[in-house]
Amino acid sequence: MKVIFFGLGSIGQKHYKNLKTICKEKNISLEVTAYRSRKTEHNKPSDIQMIYEINEISDDYDVAFITNPTALHLETLRMIKDKASYLFVEKPIFEKVYNIDEFIKKKESYYIAAPLRYKGIMKELKKYLDKQNVLNARVICSSYLPKWRKDDYTKSYSANSELGGGIELDCIHELDYVIDLFGFPVESKAMYGKKSNLTIQSNDTALYLLEYIDKFVEIHLDYYGQIPQRKIEIITEDDLITCDFLSNTLTSNKLGLLKEIKEDSNQMYLNELDYFFDNVLTNQDNNNTIEHANKVLKIAKETK
């Protein structure tokens with residue numbers, strides 16, 4: 001398998017490490033190149049060939065991994081779209097909503113990362129909800145940015161909206177999984193802005209209200225929560241169901257603990273890459289095409 005990476009930061013190297021694991025399990029040979037626009041000092045796996053000129057990019061890659069800053073995704077996709085059969089694109093698809101007509105013809109070839117869907121406890125939640133009549137759901141993702149971005153949060157992409165930062169993009173996972181659980185809403189409202197004293201140039205708060213024919217879903221995202229939270233509370237006709245993605249537990253107010261799953265933080269990324277190999281690369285399924293991801297982005301970046 002001939003693969004090219006655009007971006008070898010922490011998430012790029014995570015995907016590369018998992019790619020080697022999956023290919024070894026499936027007995028697939030691997031040839032990996034990474035493109036950088038300029039030569040700089042950086043840590044990289046020794047078995048990756050580095051290239052620095054556009055004319056060095058081949059015309060026949062099996063897969064391209066787009067793991068560079070979000071603000072570079074559009075130009076990168078335009079550069080590689082006719083040179084790779086399939087594209088694995090890190091979330092979010094873009095830093096703002098673009099017209100994607102130029103990509104629609106091959107939309108099934110673009111898979112946009114959505115790893116939270118592949119957590120073991122998320123799979124248990126989906127199975128449990130099949131038997132429930134949901135009336136309302138409340139979602140929260142709250143963390144303290146200076147602890148999340150451990151080096152210098154003020155210089156991270158999260159702090160810069162021009163690079164694709166801002167809580168509404170950083171935590172677009174929440175919108176993605178809500179839509180994966182319940183489908184697209186019939187109406188949505190969004191509010192976002194900067195309300196804390198964090199030294200950033202991006203939004204630190206995003207609030208969404210999604211209306212469905214039979215339910216409402218509320219979503220709260222922030223960068224300044226002193227106590228990390230990542231969960232969904234679901235109100236049914238006779239119960240309150242809580243799925244906590246930090247403790248990996250699914251609980252019922254009536255029945256107590258329904259499920260607890262022990263898995264390390266990398267497992268969801270491995271599960272996702274396994275899905276990509278077994279479904280997207282074999283044209284069996286693609287549950288997050290560029291078209292789907294762009295519709296989610298339109299809700300995330302809805303004008304106030």
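General observations
- Verdict on Q13 being under 21 Å from the mean Cα position of the chain (by Cα) and modelled with pLDDT under 95: yes
- Within segment 101-128, the set of residues being surrounded by fewer than 18 Cβ atoms within 10 Å (Cβ to Cβ) and among the hydrophobic types (A, V, I, L, M, F, W, C) comprises I104 only.
- Within segment 142-163, residues that are within 23 Å of I93 (Cα to Cα) and outside the structural domain of I11 (by TED's automatic domain parsing) have Cβ atoms under 9 Å from residues that are part of a helix (DSSP H, G or I) and β-branched (V, I, T) in these pairs: L145/I167; Y157/T70; S158/I167; L163/T70, counting only partners at least 6 apart in sequence or on another chain.
- Tabulated pairs, segment 185-196, first farther than 17 Å from L297 by Cβ, second of a type in the set (A, V, I, L, M, F, W, C) and loosely packed, with under 14 Cβ neighbours inside 10 Å, C-beta under 7 angstrom, 6+ apart or interchain: V186/I213
- Failed condition for H73, given (1) under 12 Å from the mean Cα position of the chain (by Cα); (2) crowded, with 23+ Cβ neighbours inside 10 Å: (1)
- Number of the exception - Y192 against (1) in contact with a strand residue (DSSP E or B) (Cβ under 8 Å, 6 or more places away or on another chain); (2) surrounded by fewer than 18 Cβ atoms within 10 Å (Cβ to Cβ); (3) of a type in the set (F, W, Y): (2)
- Residues that are under 25 Å from L169 (Cβ atoms) and without any contact (Cβ under 8 Å) to a residue 12 or more places away in the chain within segment 41-81 comprise just one, E75.
- The residues in segment 246-286 that are among the charged types (D, E, K, R), loosely packed, with under 14 Cβ neighbours inside 10 Å and closer than 22 Å to I235 by Cβ can be counted, and the count is 1.
- Number of positions in segment 164-189 that are acidic (D, E) and either at pLDDT below 95 or closer than 27 Å to Q201 by Cα (or both): 4
- The listed residue being in a strand (DSSP E or B) and either surrounded by fewer than 16 Cβ atoms within 10 Å (Cβ to Cβ) or in contact with a strand residue (DSSP E or B) (Cβ under 8 Å, 6 or more places away or on another chain) (or both), out of I213, I232: I232
- Residues that are loosely packed, with under 11 Cβ neighbours inside 10 Å, out of contact with any helix residue (DSSP H, G or I) (no Cβ under 9 Å at 6 or more places or on another chain) and over 11 Å from K81 (Cα atoms), drawn from segment 53-70: E53, N55
- Neighbours by Cβ (under 7 Å, 6+ apart or cross-chain): first from segment 265-290, hydroxyl-bearing (S, T, Y) and at pLDDT 95 or above; second crowded, with 17+ Cβ neighbours inside 10 Å and not in a helix (DSSP H, G or I): T289/Y110
- Residue check, K20 among the basic types (K, R), farther than 29 Å from D170 by Cβ and at pLDDT 95 or above: no
- Among (1) polar (S, T, N, Q); (2) on the phi < 0 side of the Ramachandran plot; (3) part of a loop (DSSP other than H, G, I, E, B), the one test that T21 misses: (3)
The values are calculated or read from the model by the stated rules, or taken from the named source; none is laboratory data. None of these values were measured; they are calculated from a predicted model. Every residue, glycine among them, receives a Cβ derived from its backbone with ideal geometry; neighbour counts consider all protein chains shown.
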